[in-house]
Amino acid sequence: MSRLLTTGIIALSLSLITPMVAWAEEIIETVSITAQIETMKEAFTEALESKTMYANKAGVNIREKPDIESRILDQTMLNTSFEVIGEYDGWSMITTEDGYAYVKSEYLSDTEIEPPQYTEKDLYILAHVICGEAQGYSGEEQRYVGSVVLNRVKHPKFPDTIEDVVFQRGQYACVSDGNYYREPTPQNWANAQWLLENGSVLPNSVIWQSKGEQGSGVYLKTKWHSYCY
C-alpha cells in the first residue's frame, strides 16, 4: 500500500511539473523574442536620427518586420511622407498609427519627386489597353499590365510614348483582336490614372507581359500573366 501511495505521489508531481516546465520554457522564449526585437529597435534608432523622408516609388510594400517575407501592412504612394527613426541593413524603420513598420531604404528619398506629366490622350490609351488586356481582372493585375507599358516607354528597346508602345506592331493582342476598343470600366480608368500619377509598380526592367516565360526571366507570375525581364 505504501509503495502504491509513493508511486501515486510521484506521478502527481510529474503531472504538475511538466506543464510548469513548458510554461517556463514559453516565458523564456517570449523574453528572448522580446529582447531580439528591442535589440533590433536599438540598432535602428542608433543608426540614424529621426527625419522625414518621401516614397520615391508607388506600390512599395510596407512590412511588419525588416524582412521581405514578413507581413505586408500597406503600400506606398508616390511622395508619401514618413518619419524615419532609423536605418539598418538596407531597411528604414518608420512610425505608423499602430507603431513601427519597415520599408526598403532604396525607395525613400530626402525630397519629394516631381510627379510624372501626362496628357488626356495618355490616360485614354492606357485605360483602353488595361481594359483590352485585363478588363475584369483584379486591380492589382490591371496595374501590372499598365506598368509594363510605362516601363517600355522608358526602355531603349521600345518607343518613347505610350501611344507608340501600345500600337507597336505585334505587341498587344488587344489591339489586333479589337478588345482595346471596348469601353473601359471605372476601375480601368482609375488604375490608369493612378499609374500615370504614381508611376509603375513593377521594377523598370520588367518589360514583358505574356502567358508564359519571355525575355530573360520571370519576375512575377499571376494566374493571368507572367511578367518578365
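The values are calculated or read from the model by the stated rules, or taken from the named source; none is laboratory data. All values reported here derive from a predicted model rather than from experimental measurement. Note that we place each Cβ from the backbone using ideal geometry, even for glycine, and neighbour counts take in every protein chain shown. Note: areas computed on protein heavy atoms with side chains; ligands, DNA, RNA excluded. Shrake-Rupley method; radii C 1.70, N 1.55, O 1.52, S 1.80 Å.
Brief remarks on what is shown
- Qualifying positions in the stretch 203-213 - out of contact with any Leu (no Cβ under 9 Å at 6 or more places or on another chain) and buried (at least 16 other Cβ atoms within 10 Å of the Cβ): Ile207, Trp208, Gln209
- Residues that are within 19 Å of the chain's Cα centre (by Cα) and open to solvent by less than 70 Å² (accessible area, probe 1.4 Å) within the stretch 108-145 comprise Leu108, Ser109, Tyr137, Ser138, Gly139, Glu141, Gln142, Arg143, Tyr144, Val145, listed in sequence order.
- Test: residue in the stretch 76-84 that is within 13 Å of Asn191 (Cα to Cα) and of a type outside the set (A, V, I, L, M, F, W, C): no
- Note on the stretch 68-104: among residues that are open to solvent by less than 70 Å² (accessible area, probe 1.4 Å) and outside any strand (DSSP E or B), the one that is nearest to Glu141 (Cα to Cα) is Thr76.
- Search result, residues across the stretch 151-202 that are over 18 Å from Gln135 (Cα atoms), outside any loop (DSSP other than H, G, I, E, B) and either open to solvent by 70 Å² or more (accessible area, probe 1.4 Å) or modelled with pLDDT of 95 or more (or both): Asn151, Arg152, Val153, Lys154, Ile162, Glu163, Asp164, Val165, Glu197
- The lone exception for Glu87 - which of (1) in contact with a Leu (Cβ under 6 Å, 6 or more places away or on another chain); (2) at positive phi; (3) of a type in the set (D, E, K, R) it fails: (2)
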